[in-house]
Each structure stands twice: as structure tokens, then as C-alpha cells.
Amino acid sequence: MQLSTLTRKILGAAFNIAMLALLLLPFSKASALTVSPARLEIDGNPGTQLKADMVLMNDKDENQVFYSSYANFEAQGETGAPSFTEGGDDLATWMKVQDNVTLAPFETKTVPLVITIPTAADPGGHFAAVFWSTQPPTAGSSSQVVIGAKLGVLILLRVNGDITESGSILQFETKDAQKNFSALPVTFNYRFNNTGSDRVKPVGNITIRNIIGMKAATIDGNPSQGNTLPKSVRR
């Protein structure tokens, strides 16, 4: 089936919006499958092997076979949504899980994940996802589309070594740059620029003071615990 460029862009945008939820939720759920955790943040040295587990649960009352695949990802825009690329190198090729898992109705299985970090791996952040689908991966062109649910676990790996850590707040303002408000709520935005070589999770509070300088409230500056990927800006 041939898809137009516009159709592929729409599908890609919808997929990336759906995957944004994986960064925020403790588990991921589709009509046929629940996967947890939604995100694994791990670190290791070059030349070592890391092991972790993910849990798959069949939510249907019939046998299901789920097939694994891998993709690297990078930041797309400033929303925190990941942009996936089918892995030909980097972390997507360092990971290994079972090719497929068969689950009985409502059965839960723990699936081991093994990551083998090359001795020549660059220090810093490496980012990929392990996907599970009801359809086997399609060999050949990456533009081919498989019809079926595709759910994943985001892997955020830090390779230890000489890592550059730097960043700054580029902008802080209220929504739409409005200055005067007559009623709540008031929405704040800030743009964090990560100029380092690994992900950064901003931590801090925003203090609100009234017109005479007294503290009126304190709010979390990153309630979703979102990461800013290297060489990117996140709002």
C-alpha cells in the first residue's frame, strides 16, 4: 500500500503525540496489551552488559502473540514528544529482548531486556524504545506501515565517562506573554536549553510573590519530571 507524503506526516504526528504519554505515565496501556514500566532510566560503563525487566499483560480474553522491535528517538520540537527512527546503529542495536511473546488470556509475563554497551560507545545520553506489536516487524523499507497496535518502553541510557553537563533557561513568561490577570489560573512557561551530552531533568520551584513582595505560593517547576534531551530545547 503506498501512502502519500501528507498521510505519512499525519500518521507520524499522531504516533509521536501518543508516545508522549509514555514519558508521563507509570505504565502504558492499549486495548490488547499493558506494558510497564513506560520508561527505564539506566546507566552503565562502556563494554558492560546491563539487564532490566519489563512486564507484559494480555488484556484480552484470547491468546495473543506480541512481536518486538526497536527504534532510536530524539527530541521533536519543544514539547518533549519523541521522534522515532528505525535503528541502524546506536542504542537500538545494543538492546535484545525475545523476538515474540505468547500470552494466554489475561496472562502477565516478565520479559528480560539485555543492553550490551560497546567499548567504543560515546559517553552521554543514548535513547531508544522497545516496541511490542500484534504484527511482526516488516522487513525492508522503513516507509512500510504495519496495521496494528504498537506499544513501547522508552529506554534512556547514560553511558558513563567524560560527559558534558550544561544548560540554561532561555525564556520565562506567562502563557501568551500576558502581564495582567484578573482571575486564576495563571499558566507559566519556561524554555530550558540543554547544551550538554546527556539528558537533563530540571528540578526547582517557582515562587509567586504578591504586589508587596510577600510569598503567596510555591509551585513545582517540573511536575511531570520531564527530561530535556541533549542539544535540544524543551518548553
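Some observations on this one:
- Filtered by the rule that a residue be within 22 Å of HIS126 (Cβ to Cβ) and of a type in the set (Gly, Ala, Ser), the stretch 92-113 gives a lone residue, ALA92.
- Residues in the stretch 51-69 that are open to solvent by less than 30 Å² (accessible area, probe 1.4 Å), touching a residue at least 60 places away in the same chain (Cβ under 8 Å) and not hydroxyl-bearing (Ser, Thr, Tyr): ALA52, MET54, LEU56, GLN64, PHE66.
- Residues that are of a type in the set (Gly, Ala, Ser), in contact with a Pro (Cβ under 8 Å, 6 or more places away or on another chain) and part of a strand (DSSP E or B) within the stretch 40-62 comprise just one, ALA52.
- Residues in the stretch 177-211 that are assigned to a loop (DSSP other than H, G, I, E, B) and of a type in the set (Lys, Arg): LYS179, ARG199, LYS201.
- LEU157 vs. criteria modelled with pLDDT of 95 or more, open to solvent by less than 40 Å² (accessible area, probe 1.4 Å) and under 18 Å from ALA81 (Cα atoms): yes
- For the stretch 97-132, filtering for residues that are open to solvent by 60 Å² or more (accessible area, probe 1.4 Å), touching a Pro at 6+ places or on another chain (Cβ under 9 Å) and in a strand (DSSP E or B) leaves 1.
- Some residue of the stretch 212-232 being open to solvent by less than 50 Å² (accessible area, probe 1.4 Å), assigned to a strand (DSSP E or B) and in contact with a Phe, Trp or Tyr (Cβ under 7 Å, 6 or more places away or on another chain): yes
The values are calculated or read from the model by the stated rules, or taken from the named source; none is laboratory data. This structure is a prediction, so every number in the text was calculated from the model and none was measured. Counting neighbours? That spans all protein chains shown, and the Cβs are built from the backbone with ideal geometry, glycine included. Note: areas computed on protein heavy atoms with side chains; ligands, DNA, RNA excluded. Shrake-Rupley method; radii C 1.70, N 1.55, O 1.52, S 1.80 Å.
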